[in-house]
Every structure is written in C-alpha cells, then in structure tokens.
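Report on the following structure.
The values are calculated or read from the model by the stated rules, or taken from the named source; none is laboratory data. The structure displayed is predicted, hence computed values, not measured ones. FYI the Cβ positions are ideal-geometry reconstructions off the backbone, even for glycines, and counts take in every protein chain you see. Keep in mind that these areas ignore ligands, DNA and RNA; they rest on the heavy atoms of the full protein, side chains included. Shrake-Rupley method; radii C 1.70, N 1.55, O 1.52, S 1.80 Å.
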Amino acid sequence: SCGTVFSIAARHLLAFHRVLRLYFLNEGQTLHQLHAVDAGAMRFPPFSITREREVFRNHNEFVEYELALAHGHQLIEAIDRGKSATGSANEAIDAALSPVWDFLDSG
C-alpha cells in the first residue's frame, strides 16, 4: 500500500507553484530541492544579498513573467515536436510565438 493519496485542486496547486517560483526565482528548482535544503541534506554556498530594488514591482509584472515562462515552454515543446516529427513544426512554432509578436507589436 502507498498510503493515503491526496488530490490538490488545480487553483491551489497553481498558487503553490507561484510561491515556489517566487522562493527560487527560477523554473529549475523543485520541491524536492526545497525539502533537501530544509532538511540540511543540500547546502548552498554562503552569499550576501544586496537588494537594490524589488524583483517584481507589482502583481501584474509577476503575472507577465509567468506568462512569458509559459510561452517559452510552448515554444520549446513546439521546437522539440518539430525535431521529432517527419513534417514541419512551423505552425506550432508560429502559434507559440504569436503572443510574443502581439506584445511587441503593441509597443
């Protein structure tokens, strides 16, 4: 037996991922690494923080950052599909880049 299984509501999972992203300020770190650091199994070299400004000036800036990461993932997946497919992935790549072009065109 694996024990009790929990299902987390999608909106709560999204909130948790946002907090995790704010904690690490990147996409590469995982919850496993957070636990390893907390348990003392993994240590980062000592460093000092010189805060010159806030990482995100407001909530909208953070949301835009999250959207940019999501679009980046879509682009990477489209490119990977194109590498593994016999045909062209140009349509998927264009769809992934569409929000970027729209943003740049808006000024």
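How many of the residues making up the stretch 11-48 are part of a helix (DSSP H, G or I) and open to solvent by 80 Å² or more (accessible area, probe 1.4 Å)? Of the residues in the stretch 11-48, 12 are part of a helix (DSSP H, G or I) and open to solvent by 80 Å² or more (accessible area, probe 1.4 Å). Looking only at residues in the stretch 86-107 that are at pLDDT below 75 and hydrophobic (A, V, I, L, M, F, W, C), the one that is nearest to Glu64 (Cα to Cα) is Ala92.
Considering (1) modelled with pLDDT under 75; (2) open to solvent by less than 80 Å² (accessible area, probe 1.4 Å); (3) part of a helix (DSSP H, G or I); (4) out of contact with any Ser or Thr (no Cβ under 7 Å at 6 or more places or on another chain), say which one Lys83 fails and leave the rest. Going through (1) modelled with pLDDT under 75; (2) open to solvent by less than 80 Å² (accessible area, probe 1.4 Å); (3) part of a helix (DSSP H, G or I); (4) out of contact with any Ser or Thr (no Cβ under 7 Å at 6 or more places or on another chain) one by one, Lys83 breaks only (2).
Restricting the first member to the stretch 47-67 and to residues that are under 19 Å from Tyr23 (Cβ atoms), and the second to residues that are in a loop (DSSP other than H, G, I, E, B), the beta-carbon pairs closer than 7 Å and six or more apart or on different chains are Val55/Leu25; Phe62/Phe56; Tyr65/Phe56. All of Glu61, Glu54 fail the test of being under 22 Å from Phe24 (Cβ atoms) and open to solvent by less than 60 Å² (accessible area, probe 1.4 Å), apart from Glu61.
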